[in-house]
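Derivation of every value follows stated rules applied to the coordinates shown; laboratory data play no part. Here the structure is a predicted model, which is why all the values come from computation and not from measurement. Backbone-built Cβ (ideal geometry, glycine too); neighbour counts: all protein chains shown.
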């Protein structure tokens, strides 16, 4: 394996050909947070993301080494949003499935992917950008200017 260096990485938009990798990275993301992923989830996620990559309601970015190994990635889902006062768009960019391979962490790859996603959202005229942060990613998002919001959940 090559010595990890951000100089040996290029950032590009994720494509349908990256589908298996995006699914594996999402599985690893959950595993790193202590959540066991079942094969059924991978199948469901595969259908979900494939449909949305094709329709353009999911866009993603990957960090790829000179050897064509993808070492980090993340996606933005253009999720439907409920009309309410002050809301200009009924679509809201939502960042998810952020993951960096363990040997490549600490080099700023995740920050760069978030930055690319934010620039893309601004260029496309979105008013805000949302995500759910794990405890591992929270500091990255705070450094990027995200503000913590309040959300509640009831398990049924």
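Using alpha carbon centroids, what distance separates segment 14-86 and segment 103-141, in Å? Between the Cα centre of segment 14-86 and that of segment 103-141, the gap is 14 Å.
For segment 81-115, there are no residues whose amide N sits under 11 Å from a probe point set 7 Å from the Cα of residue 15 along the beta carbon direction.
Treating the angle as unsigned and between 0 and 90°, give the value, to the nearest 10°, between the Cα long axis of helix 39-55 and the longest Cα principal axis of the chain. Roughly 70 degrees, rounded to the nearest 10. Under 13 Å from a label point set 7 Å out along the Cα-to-Cβ vector of residue 88, no amide N atom of segment 56-73 is found. Listed peptides 116-126, 89-99 appear in the order 89-99, 116-126 once ranked by packing, highest mean of other Cβ atoms within 10 Å at the front.
Give me the percent relative contact order of the chain, please, defined on Cα pairs under 8 angstrom at least 6 residues apart.
Taking the mean separation of contacting Cα pairs over the length of the chain, I get 22 percent.
Here each label is just a point 7 Å from Cα along the line to Cβ, and for residue 79 and residue 152 those points are 1.8 nm apart. Per-residue ellipticity at 222 nm computed for the chain from its helices equals -10500 deg cm²/dmol, with DSSP H segments shorter than 4 residues left out and the rest contributing -39,500 (n - 2.57). Using a Gaussian network model of the chain in which every pair of alpha carbons under 10 angstrom is joined by a spring, one finds that among 49, 82, 70 the greatest mean-square fluctuation is at 82. If a spin label sat at a point 7 angstrom from the Cα of residue 120 along the line to its beta carbon, the backbone N atoms of segment 85-100 nearer than 19 Å would be those of 90-100. Can you tell me the 0 to 90 degree angle between the C-alpha axis of helix 109-123 and the longest principal axis of the chain, rounded to 10? Around 40 degrees separate the two axes. Note on the chain: with a GNM built from Cα contacts shorter than 10 Å, the maximum mean-square fluctuation among 103, 86, 60 falls on 86.
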